[in-house]
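Novice: Please find one structure pasted underneath; my questions will follow.
The values are calculated or read from the model by the stated rules, or taken from the named source; none is laboratory data. No experiment lies behind these values; they were computed from the predicted model shown. In this analysis, Cβ positions are derived from the backbone assuming ideal geometry, glycine residues included, and neighbour counts consider all displayed protein chains. These area figures cover heavy atoms from the full protein model, side chains too; ligands, DNA and RNA do not enter into them. Shrake-Rupley method; radii C 1.70, N 1.55, O 1.52, S 1.80 Å.
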Amino acid sequence: MESESESGAAADTPPLETLSFHGDEEIIEVVELDPGPPDPADDLAQEMEDVDFEEEEEEEEGNEEGWVLEPQEGVVGSMEGPDDSEVTFALHSASVFCVSLDPKTNTLAVTGGEDDKAFVWRLSDGELLFECAGHKDSVTCAGFSHDSTLVATGDMSGLLKVWQVDTKEEVWSFEAGDLEWMEWHPRAPVLLAGTADGNAWMWKVPNGDCKTFQGPNCPATCGRVLPDGKRAVVGYEDGTIRIWDLKQGSPIHVLKGTEGHQGPLTCVATNQDGSLILTGSVDCQAKLVSATTGKVVGVFRPETVASQPSVGEGEESESNSVESLGFCSVMPLAAVGYLDGTLAIYDLSTQTLRHQCQHQSGIVQLLWEAGTAVVYTCSLDGIVRLWDARTGRLLTDYRGHTAEILDFALSKDASLVVTTSGDHKAKVFCVQRPDR
């Protein structure tokens, strides 16, 4: 299905008519603008009902010791300029690698950093709630459970810890192999992670019931639970992709060889109803996969990397890669962000490049605003940008960091963007859009 020699923005696959998109109920869902109500609780979530957690009330107590630095005029550093942020959280003493917002209220953030520390704090004023103590390596993963009652942190050595948010007490920990990624199940107190030994793990928290999903003998570099909560897609360093049945513990589909990637996977995303999966790799390709059939139905790469040498032919092959990707929830569009600073917007119904938006430096992550065709990007130049995917136009940008942005999160109502950076800080930006 791939064609290494073909150039241009169009996909390496036949046009949609040849793919029979309109005769395939699963594929046609990608152009459905109204995905309908979410699926009912799945079997896996029902299995977890014996774990009982109290609903936490909004945490209002704060640390009164004045840990927060107010936004400063005239930031000193390699990226001098205005600070558009409303709140700066400055308790980390090294690069801040990850951030996540609590999904229930979007009032709390958890951040983890190179200083081996993780903190839970309030977005409104940057007030520290508690430290997730005990890590002995860089904290690279952090996130809240689906109901915001639990928060998990994971460090590079593979030590994972979970705290109950309302009591601020550690309730579970586990030492796996070197950690690659971590994610909560969308509707149950179940934590998933991928490690460098090729395993994907699933634990029921806090009792620790564990299931492992044995992959190839190479790192499980990225993963995502599908919206139905019954399956997960995992990408590996050898370019293979596996779609796992979480209840049975067995792979439903395995994509390898020409169906997989020609280099390590870097990121994976699913559309709103879970019918389609996007995978990205250092081979500069983004692949569109049917979650039902496990077949590749589209391959995308930008014009700027079409003639790039294949992996293994020299250092230049590492000069670009897919860093982040995602689906628009209201239009049949997908966004792919590249290390060379290219943001590519693809039309899924025609499998063609719609817009190519250039950044001054590499894109680290992108997020779609729910219910709109607006894409947010953060990049190595320390700037957050908002793009109109319909026109390819830059709507606005937000500045304030003095080093690269390493992660960011968007509140559900798109009123706040929270960023983490190599300048040892996390920042909260209030999004103001004249078109909204």
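Novice: So what are the ³J(HN,Hα) numbers for region 276-291, from phi and the Karplus equation (6.51, -1.76, 1.60; θ = phi - 60°), rounded to whole Hz, Gly and Pro as x?
Specialist: Karplus values, whole Hz, x for Gly and Pro: 10, 10, 10, 10, x, 8, 5, 7, 6, 9, 10, 10, 9, 10, 6, 5.
Novice: Over region 309-420, what relative contact order in percent results from Cα pairs under 8 Å that are six or more residues apart? Please list the in-between numbers first.
Specialist: Details: 268 pairs, mean separation 19.4, N = 112.
Relative contact order here is 17 percent.
Novice: Related question: Keeping the other protein chains in place, figure out the carbon and sulfur percent of the accessible area of region 319-399, with a 1.4 Å probe.
Specialist: Roughly 49 percent, rounded to a whole number.
Novice: If r is the Cβ-Cβ distance from residue 214 to residue 157 and R0 is 22 Å, what FRET efficiency results, to the nearest 0.05?
Specialist: Numbers: r = 21 Å, r/R0 = 0.96.
Efficiency, from the Cβ-Cβ distance: 0.55.
Novice: Moving to a separate point now. Quick check on region 122-264: take the gyration tensor over C-alpha atoms, sort the square-rooted eigenvalues as a ≥ b ≥ c, and tell me if it's rounded (a/c under 1.5), prolate or oblate.
Specialist: Numbers: a/c = 2.09, a/b = 1.75, b/c = 1.19.
It is prolate, given that a/c is not under 1.5 and a/b is the larger ratio.
Novice: Suppose each label sits 7 Å from its Cα in the direction of the beta carbon; what would the residue 293-residue 361 distance come out to in nanometres?
Specialist: 4.3 nm
Novice: Using θ = phi - 60° and the Karplus relation 6.51 cos²θ - 1.76 cosθ + 1.60, list the HN-Hα couplings for region 397-411 in order, rounded to whole Hz, with x at every Gly or Pro.
Specialist: Ordered by residue, 3J(HN,Hα) equals 9, 10, 10, x, 7, 9, 8, 5, 7, 9, 6, 7, 9, 10, 5 Hz.
Novice: List the residues, sorted by chain then number, that are 5 or more residues from residue 159 or on another chain and whose placed amide H is less than 5 Å from its amide H.
Specialist: Excluding prolines and chain starts, which carry no amide H, the hits are 176.
Novice: Which lysines, if any, have their Cα less than 18 Å from the Cα of residue 247, not counting same-chain residues under 8 positions apart?
Specialist: Once the sequence-local lysines are set aside, what remains near residue 247 is 204, 211, 230.
Novice: Could you do me a favour and compute the accessible area per residue for region 319-399, 1.4 Å probe, result in Å²?
Specialist: I get 30 Å² per residue for region 319-399.
Novice: Between rounded, prolate and oblate, where does region 319-399 land on the alpha carbon gyration tensor, with a ≥ b ≥ c its root eigenvalues, rounded for a/c under 1.5, else prolate if a/b exceeds b/c?
Specialist: Working: a/c = 1.86, a/b = 1.31, b/c = 1.41.
Verdict is oblate for region 319-399.
Novice: While we're here: Applying the Karplus parametrisation 6.51 cos²θ - 1.76 cosθ + 1.60 with θ = phi - 60° to the phi angles of region 365-382, what ³J(HN,Hα) value in whole Hz is obtained for each residue in order, glycine and proline being reported as x?
Specialist: Calculated HN-Hα couplings, in order: 7, 9, 9, 8, 6, 5, x, 9, 9, 9, 10, 9, 10, 10, 9, 5, 8, x Hz.
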